[in-house]
Amino acid sequence: MDSVVYFDNNATTRIAPEVLAAMQPYLTELYGNPSSIHRFGSDVGRKLQQAREQVATLLGAADPLEIIFTSCGTEGDNAAIRALLEARPDKRHIVTTQVEHPAVMGLCQHLEKKGYRITWLGVDSDGMLDPKELKRALSDDTALVSIMWANNETGVVFPIKAIGEIVKARGIPLHVDAVQAAGKVALNVRGLPVDLLTISAHKFHGPKGVGALYVRRGIAFRPFLIGGHQERGRRGGTENVAGIVGMGAAAELASHHMEADETRVSELRDRLEESLLESCPNSKVNGAREKRLPNTLNLSFKYIEGEAVLVLLDQQGICASTGSACTAGSSEPSHVLRAMGVPPDWLQGAVRFSLSRYTTAEEVDFVNQNVPPIVKRLGGLSALGKIGKKNPAATAAG
Ligand code: PLP
C-alpha cells in the first residue's frame with residue numbers, strides 16, 4: 001500500500017467528493033452574505049435553509065428550525081450546557097458521566113470550580129451506564145443532564161431512550177453529545193425524550209469547523225454567542241456558508257448510505273477484530289461488543305504501550321489512535337478506560353481503530369498483516385511484559 005491507510009475516523013473523516021463539489025461555489029463565486037436583502041445574498045440564505053433541512057432529516061427532527069449551526073461539536077456542547085444553566089439560574093446541580101469527551105467534561109470541571117455540584121456517573125467494565133444510578137442522582141436542584149450518545153474511544157452506545165425517559169419524568173432537560181453517533185447510526189430525535197443534541201460535520205465526511213445543535217421546539221434557549229440576529233437570534237456571527245452547505249451535503253449522503261454503511265462497515269470492523277484477537281495473544285476488546293458503533297474497535301495489548309504500536313504502524317502508513325488525550329511527549333492514561341476499571345497492565349496498551357464508508361477490505365487485511373509482528377516485537381522488548389510473565393501480581397497491582 002503506497003498511500004495512507006486511515007483507521008482514525010473517530011478523530012476526523014475525509015471530505016466526501018460530493019461534499020467538496022457542493023461547497024466549492026460558496027468558496028468562490030457565490031460569496032454573498034445570507035443576511036443581505038439583495039438576491040445575491042438571499043439566494044445563499046436559501047441554500048442555508050436547504051442545509052438545515054438536510055441536517056434535520058439526518059437527525060429525524062420535526063422542524064428544520066430546531067437546527068442551529070455552530071462552529072464545531074465543542075461549541076455545540078458548550079452552548080447547550082450554558083443555555084440550559086441560564087434558563088434555570090436557581091438550579092446548581094448537573095448530572096453527567098465520567099466518560100464524556102473533554103468538550104463536556106472540561107466545561108463541567110470548570111463549572112464545578114465555579115460552585116456547581118456535578119454528579120459524575122460511573123460505568124461498568126463494559127463501559128455501560130446504569131440507568132438506575134442516573135435515577136438516584138436526579139434531584140430538585142438538577143439543572144440539566146448531559147450524556148453522550150456514543151463514546152469516542154470505545155464506541156459504546158448508551159441507552160438514550162431509557163435515559164431520556166428517566167430524566168423527562170423529573171421534568172429536567174437532557175442534552176446529548178451525539179458527535180460520534182451522527183451519520184453512523186439512526187438518531188430520530190423526534191421520537192426521543194432528548195431536548196438538545198450536538199453534532200459535528202467533520203465526523204461524517206463533512207468539513208471541519210462546522211457543527212449543529214438541535215434544540216427541541218419550546219425549550220428555552222439563550223444564545224452562547226451574542227451578536228447579530230443570525231440563526232433567529234440564537235447564535236450571532238456571519239455564517240460559515242461553505243461549511244454549512246458542506247455539512248448539509250454530508251448529512252444527506254449519510255442519511256442515504258446509513259443502512260448499507262452500517263452493515264458493510266461493521267462487517268469490516270468484525271473482520272479486523274476477529275483476526276487481531278486471534279493473531280495477537282494477550283489482546284482484548286475494550287467496551288461492550290454488542291452495543292458499539294459499527295465502525296469502532298478499541299483493543300488493548302497487555303504489557304505494551306499503545307503509543308509505541310501507533311508509531312510503528314505509522315511507519316507502515318497506517319493511522320490509528322490511542323483514543324485518549326496526549327500532551328507533548330507524555331500521554332495520560334485514558335479517563336474512559338480508567339472509569340471502566342481496565343487494569344493497569346492493559347490500560348496503556350489501548351489502540352483504537354475507527355473505520356468509515358471509504359475503508360476497504362484490502363486495508364483491513366493490510367492492518368491485520370502489520371499489527372501482529374509489531375505487537376510481537378514490542379512484547380519482546382517490554383519490561384512490563386517480562387516482569388508480568390515472571391510474577392503476574394507485580395504488574396496487576398501497579
Ligand atoms: N464530542 C465527542 C464525543 C467527540 O468525539 C468530539 C470530537 O472528537 C467532540 C465532542 C468535539 O467535536 P469538535 O472536534 O467538532 O469540536
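Please treat every number below as a calculation from the coordinates, not as lab data. None of the values given here were measured: they were computed from a predicted structure. Don't worry about glycine lacking a Cβ; one is built from the backbone with ideal geometry, like all the others, and counts go over all protein chains shown.
Observations
- The sum of -39500 (n - 2.57) across all DSSP H runs of n ≥ 4, divided by the residue count of the chain, sets its helix-only mean residue ellipticity at 222 nm to -13500 deg cm²/dmol.
- Net charge contributed by nearby residues that have their C-beta within less than 13 Å of V351 (K/R +1, D/E -1): -3
- Kyte-Doolittle at least -0.5, axis length at least 18 Å by Cα - qualifying DSSP helices, the chain: 73-87, 241-279, 361-381
- Gyration tensor over the Cα atoms of the chain: the corresponding equivalent ellipsoid has semi-axes (square roots of 5 times the eigenvalues, largest first) of 37, 27, 17 Å.
- Cα lying deepest toward the dipole's positive end in region 1-139, options L107, G73, A61, charges on Cβ: L107
- Theoretical FRET efficiency, 1/(1+(r/R0)^6), r = Cβ-Cβ of A162 and R46, R0 41 Å, to 0.05: 0.55
- Each Cα pair under 8 Å and six or more residues apart adds its sequence gap; the mean of these over the residue count of the chain is a relative contact order of 22 percent.
- Each Lys and Arg Cβ is given +1 and each Asp and Glu Cβ -1; about its Cα centre, the chain then shows a dipole of about 1020 debye.
- For R170 and E86, the difference between the fully extended length at 0.36 nm per residue and the C-alpha to C-alpha distance is 28.4 nm.
- Distance histogram in 5 Å bins (all Cα pairs of region 174-326, percent per bin): 2, 7, 12, 16, 17, 15, 11, 9, 6, 4, 1, 0
- Mean separation of Cα pairs under 8 Å and 6 or more residues apart, divided by the residue count, gives region 98-153 a relative contact order of 43 percent.
- Between I226 and A260, the contour length at 0.36 nm per residue exceeds the Cα-Cα span by 8.1 nm.
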